[in-house]
Amino acid sequence: MPDIRREFDTLRGLLTAIALLAVAVPCAAQDDDEGVLSGGFAIGSDLTFRGVSQTMGEFAIEGSLDLSLPSGIYAYAWASNVDFAPAGEPDDGATHEVDLAVGYATGIGENWDVDISLVRYLFPGTVDGVDYDFNEFMATVGYGGTYRGTVAYSSNVDGSGGESLYYELGAELGLRDDTVLELSIGHYDLADAYDDTYSFAEVALRHSFANTEVVLSYTDTSDSAEAIYFRQSTGRRFIVSLHLSW
């Protein structure tokens, strides 16, 4: 039987986090010389981060706000429900996640672009003795609007006190004006924090119409992911999600 109280607390916490996003970015930054403010909501059958489920395979509701300035500086806030502890395991109290980021993106020549950012991952509401909050520095280099490579580093991944290094290669291939095939492969080096590493691959088909996007994705992790995370959150999975933007 599902824990109705926990589900209610999760939804309440998520709605609170999304409400906070609405005041996290200055409302004056609309479509003018100061910048562009945009946002969106999404609902999906699952939510993964680098191939690993953040909801134990259950539904996810997300909300985000993004601010982009003419200088190339940007900031965003994002929130979702999460669940890291399967049934029968001690409850860590984590029911939602809020990510805050600031970065700088610019083009180099005709084909290259660079994006550098600092992300703060927050997990409010965890029980005493549990702290998953951490910072991560991330750099992405893109070519031709199609190919990209990303490197990310944290000195305290998942609040563990250990370092992490993440690598990813990806491509976005336009099938039609409104349909994109996205391919990603990544490797997460968590040896300093968890004495192990793992790899993952993801294929996603994105179809857009108006301000809506439907995403069908398939992701899979290497067997070594089970040595770091619970079995219920690793391995292969299909995900369907709907995204609304404004």
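Selection over the range 144-168 of residues that are surrounded by 15 or more Cβ atoms within 10 Å (Cβ to Cβ) and either modelled with pLDDT under 95 or of a type in the set (Gly, Ala, Ser) (or both) gives a count of 6.
For the range 75-86: of the residues being out of contact with any Ser or Thr (no Cβ under 7 Å at 6 or more places or on another chain) and either on the phi > 0 side of the Ramachandran plot or aliphatic (A, V, I, L, M) (or both), which is surrounded by the fewest Cβ atoms within 10 Å (Cβ to Cβ)?
Per the criteria, the residue is ALA85.
Can you give me the ranges of the strands (runs of 3 or more DSSP E) entirely in the range 130-216 with at least 2 residues that are within 18 Å of the chain's Cα centre (by Cα), under 20 Å from LEU100 (Cα atoms) and not basic (Lys, Arg)? Because the criterion is at least 2 residues that are within 18 Å of the chain's Cα centre (by Cα), under 20 Å from LEU100 (Cα atoms) and not basic (Lys, Arg), the strands (runs of 3 or more DSSP E) in the range 130-216 that meet it are 134-143, 147-154, 164-176.
Considering the range 66-99, the residues that are touching a residue at least 60 places away in the same chain (Cβ under 8 Å) and touching a Pro at 6+ places or on another chain (Cβ under 8 Å) include one that is farthest from ARG231 (Cα to Cα), namely VAL98.
Can you confirm whether LEU118 is in a strand (DSSP E or B), farther than 30 Å from THR95 by Cβ and either more than 15 Å from the chain's Cα centre (by Cα) or not polar (S, T, N, Q) (or both)? The answer is no for LEU118.
One residue is enough: does the range 76-83 have a residue meeting the conditions among the hydroxyl-bearing types (Ser, Thr, Tyr) and more than 15 Å from the chain's Cα centre (by Cα)? No: the range 76-83 contains no residue that is among the hydroxyl-bearing types (Ser, Thr, Tyr) and more than 15 Å from the chain's Cα centre (by Cα). Among the residues of the range 36-54, the one identified as of a type in the set (Phe, Trp, Tyr) and either modelled with pLDDT under 95 or over 11 Å from the mean Cα position of the chain (by Cα) (or both) is PHE41.
Any idea which of ASP133, ASP189, ASP115, ASP220 is surrounded by 15 or more Cβ atoms within 10 Å (Cβ to Cβ) and in contact (Cβ under 8 Å) with a residue 40 or more places away in the chain?
Matching residue, one of ASP133, ASP189, ASP115, ASP220: ASP220.
Within the range 63-87, being of a type in the set (Gly, Ala, Ser) and either under 23 Å from GLY51 (Cα atoms) or in contact with a Gly (Cβ under 8 Å, 6 or more places away or on another chain) (or both) holds for GLY63, SER64, SER68, ALA75, ALA77, ALA79, SER80, ALA85, ALA87.
Scanning the range 55-74 for residues that are within 26 Å of VAL114 (Cα to Cα), small (Gly, Ala, Ser) and surrounded by fewer than 19 Cβ atoms within 10 Å (Cβ to Cβ), we see that the one that is farthest from the chain's Cα centre (by Cα) is SER71.
The values are calculated or read from the model by the stated rules, or taken from the named source; none is laboratory data. The model shown is predicted, which means the values in this text are computed figures rather than measured ones. No Cβ is skipped: glycine too gets one built from the backbone with ideal geometry, and neighbour counts run over all protein chains shown.
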